[in-house]
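The values are calculated or read from the model by the stated rules, or taken from the named source; none is laboratory data. Because the structure is a prediction, the values reported are computed rather than measured. Please note: Cβ atoms are built from the backbone with ideal geometry, for glycine as well, and neighbour counts cover all protein chains shown.
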């Protein structure tokens, strides 16, 4: 049942079972009655070597789901994954929009003040224009100059 060292084929189940029964976990029957008081509880005996060999064997995967809570709450998780970034984006947009509205208000207030100044300037210009036209009309009509 031994194989040549150069072969790299995987062992069959029967070969694995035989290896486990004979080498890793041999069923040793005591030949003489020995007291159990002499056994070292630290595991430094042959039992410790046997534990090392079993650790080297491949581990089997658990058949139970890894995240049962996740599978049960999958719709909530998906909504959370979508809702959190979407809500963050909406709040960011509202904050940006609020800032822009504030800037536009400041500009609008400045424009209103400037508009009031321009209205006053226009009224003064119209009054000066009326006075100048009256003065020109008076000169054309031969009316003497009025002194204020």
- Query: residue 85 fails exactly one of the following numbered conditions: (1) in a loop (DSSP other than H, G, I, E, B); (2) modelled with pLDDT of 85 or more. What is the number of that condition?
  - Reply: (1)
- Query: Considering 129, 140, which residue is in a helix (DSSP H, G or I) and either surrounded by fewer than 10 Cβ atoms within 10 Å (Cβ to Cβ) or in contact (Cβ under 8 Å) with a residue 12 or more places away in the chain (or both)?
  - Reply: 140
- Message: Yes or no: the range 50-59 includes at least one residue that is at pLDDT 80 or above, surrounded by fewer than 10 Cβ atoms within 10 Å (Cβ to Cβ) and either assigned to a helix (DSSP H, G or I) or out of contact with any strand residue (DSSP E or B) (no Cβ under 7 Å at 6 or more places or on another chain) (or both).
- Response: no
